[in-house]
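**Q** There's a structure below that I have some questions on.
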Amino acid sequence: MYSSSTLKLGDVPEAWLVHVEGRWIRMRPHEQTRLAKARCAGTRKVPLDGGRSEARLWPQSGNDNRWAGECVPCFHEAPPTPLACSRWCFKLEGQWQPFGSADNVNLEERLQEMLRMQQISPGLERLVAAQQADVAASAEAIYAGGVAQAGALASAAAAAMAAAAVAGGSLRPSTGVVVADGRFSVLLSKDGKGGVTAEMRSADKSWLGALPLFSSCSIARGWAGASLPALTEDECRVESAPPSALVLLVHGIGEALWRKGDNVLGLKTIEAGCDQLRGLAARAAVAASAHGGASAHGGASAHGGASAHGASELRRVEILPVTWDTGVRSDRAAQEAVRTLSRITLSSTPLIRQFANEVLADVLLYEQAHHRLAIQGRVVARINEIYRAWQQQHPGFAGPVILCGHSLGSLITFDILRAQNEATAAAASCDDQSNLAARPEALAAPTAGASSCASGGGSHTGAAVASAEGPGRLNCHISALVLLGSPVAFFVAVRGHRLGPTFSLRPSCARLFNVFARNDPVAYRLEPLLSPTDEEGPSTEGAEDGGGGHGWARARKALDAQPRYVPHAGAGKGGMRLHIKLRQDLQGVVQQAQQAQQVASAAGKSVQMALSHPAESAKMAVSAAAESAKMAVTDSFNSMASLFGIDTLAEEAAAAGTHPTTSALDDHGGFAVNQGERVDWMLQESTLDAALEYTAALQAHTSYFDSQDLAAFLVNEVVAASVTDQWLGGSMPSSTS
């Protein structure tokens, strides 16, 4: 089936197109302008997409029907994609495609020739009419002059025929063009209304031609397909700004399935997730810059980012994907395991069984020592490759490098950093480096502390030492580890380990953030594994003389409490959603009422003790009871004031970037990781998600890449904390290649 399309006439600009995921997409306007200028200037390499890819333009000749060039990714593993520059395109089987370079030039020349002839055709018609009048006059003269006029008549007839031939050739209603590969022919025709129509047909005359049966083909002058959305002015500012931090995002389970064309769930690949999160981070950076470096929720950054960066500086946070699924699944053992799964899988409910084989199998493979080491080694190798390419593109980069893991990727990154620490500890504690031997089982399930060298006999054993059997060493210093929807706590508990209050990822990593959605069924908390037990904490016997017993108790109480909320980017002062703030205030009122009841009971006991003791003891008991009652009344007043919207000292402290729970941990040193600050951060759920928890749980694990709150948290909290550590000399970036 052939369809005729009316073409756009006039000035139609050329469109720069890139082939992405099986379809052609028009590039963003500012990148098209950059490519057009580069081609006019003869430049062959043009950075695109904020430096994440590079366009390599090819020289073009008249008969060359190649594309305009190719687009090569700079940091993630992917083959080069074709780059086209065309004014003409056609739609075949539902997909718009550009013509090749030579076909584009040929079609444009034929169209312009038709338009030029259409402009001079009235003069040609008058010429033909005049010649025809001369022929008629000569015909009348032949009867009058006889044969003597035959020569003049023949001459006039020849001139008229020549003029008619010229006019007829110029005024022909259509012209045909055959594409360079000979598969299709394009027919350009005048429609009688001053316009031009185009029709594309198969050049093969048989019914089994190049065009599929029962398919239609349309032609357009000017790109008619999909286009990338144009960046806003603020987003262009962020993209052109120098990067202030590098985030390396490691994907989780199921990436091999998400990449397939039959991804019925429509879940995003890690590359698409990074693109989405990067755009949200740019928006958060613009909002923070507009507020003078303050966080998007209206409060100042908890780590001093506002004063350090200034009101006008943009924090460009570059987010790059780290893939491991393709390299690991190409391993012979992994391929054999996949084939075995296919042979033993039942034929019923194929979609569910494919999900189980492709997604859940990643977890099972990682829990096997051989595959675990292969995956860890693959991630370390990719991080080193990306950071090496990053240093070549940004030689003056001095910002923090932040490692981020989603789902199973969080467990992979967590184990890698622990292995780095154990390797460093083993290398420092052993005198003879040449006698160190790697222990794969230590890398498979790292213990809480670094391995030690065996004494005596000159025999030394070290865990997680970089060797042929280990994951290798990172060539960059990691300033912070961010876990998204992480099951790390689950695997630590199942492995029979406990982190404890002295756990730390130093020296490999200074900070740890465990971010999760409230309804995510895969996510687990880490802080309960960090809280001290009765055996680990100091005894309460020295509490009367200023001992630390009550400090440990308060730290344990703070850690066992609810996780701290990630500030909501769309909220005002305090960064809390209304329904969550109301729920917290109501819970606080109930808790304060219970505490008041307990204080009243304790006061009654103190009075009884005062009556049965000497005056000095009674005075001390009454004083202690009064102090406890005063604290209870103050806390109750703060809760009631917060319920009715009255500012309190707690809210002022929150606006200043502190938190009561954080202060308790800082003062009493509850644990070593993250410099005593909170580790568990929970994203604030919407009102609908709070009401429909089970429905929200179906998509909670894949919602992190679309979260504006998470993007603002990365910019305003994680990056700010890492930069502050650098200024204080805590974790300057370094290369350890």
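The values are calculated or read from the model by the stated rules, or taken from the named source; none is laboratory data. Bear in mind that the values here come from a model prediction, so they are computed numbers and not experimental data. In this analysis, Cβ positions are derived from the backbone assuming ideal geometry, glycine residues included, and neighbour counts consider all displayed protein chains.
**Q** Out of all the residues in the stretch 92-104, which are crowded, with 19+ Cβ neighbours inside 10 Å and either at pLDDT 90 or above or outside any loop (DSSP other than H, G, I, E, B) (or both)?
**A** Passing the criteria: TRP96, PRO98, PHE99, SER101, ASP103, ASN104.
**Q** If I filter the stretch 169-192 down to residues being of a type in the set (Gly, Ala, Ser), at pLDDT below 75 and exposed (fewer than 12 other Cβ atoms within 10 Å of the Cβ), which single residue comes out as farthest from ARG221 (Cα to Cα)?
**A** Top of the filtered list is GLY169.
**Q** Only residues that are touching a Lys or Arg at 6+ places or on another chain (Cβ under 7 Å) and within 16 Å of ALA102 (Cα to Cα): list them for the stretch 45-86, please.
**A** Hits for the stretch 45-86 are LEU57, TRP58, GLY69.
**Q** Do the conditions hold for LEU277, that is, is it assigned to a helix (DSSP H, G or I), surrounded by 21 or more Cβ atoms within 10 Å (Cβ to Cβ) and touching a Phe, Trp or Tyr at 6+ places or on another chain (Cβ under 7 Å)? Break it down stepwise before answering.
**A** Working: assigned to a helix (DSSP H, G or I): yes; surrounded by 21 or more Cβ atoms within 10 Å (Cβ to Cβ): yes; touching a Phe, Trp or Tyr at 6+ places or on another chain (Cβ under 7 Å): yes.
Yes; evaluated as a whole, the condition is true for this residue.
**Q** Next question. Just to be sure, is VAL590 modelled with pLDDT under 70, β-branched (Val, Ile, Thr) and over 20 Å from LEU688 (Cα atoms)?
**A** no
**Q** Continuing with this model, one more query. Only one residue in GLU255, GLU271, GLU318 is touching a strand residue (DSSP E or B) at 6+ places or on another chain (Cβ under 6 Å) and either farther than 26 Å from THR724 by Cα or modelled with pLDDT under 80 (or both). Which one? Outline the logic, then answer.
**A** Working: GLU255 fails: touching a strand residue (DSSP E or B) at 6+ places or on another chain (Cβ under 6 Å); GLU318 fails: either farther than 26 Å from THR724 by Cα or modelled with pLDDT under 80 (or both).
Within the list GLU255, GLU271, GLU318, the selection yields GLU271.
**Q** Scan the stretch 25-53 for residues that are assigned to a helix (DSSP H, G or I) and without any contact (Cβ under 8 Å) to a residue 12 or more places away in the chain and jot them down.
**A** Residues satisfying the conditions are THR33, LYS37, CYS40, ALA41.
**Q** Run GLY50 past the list (1) under 21 Å from PRO229 (Cβ atoms); (2) surrounded by fewer than 17 Cβ atoms within 10 Å (Cβ to Cβ); (3) among the small types (Gly, Ala, Ser) and report the number of the one that doesn't hold.
**A** (2)
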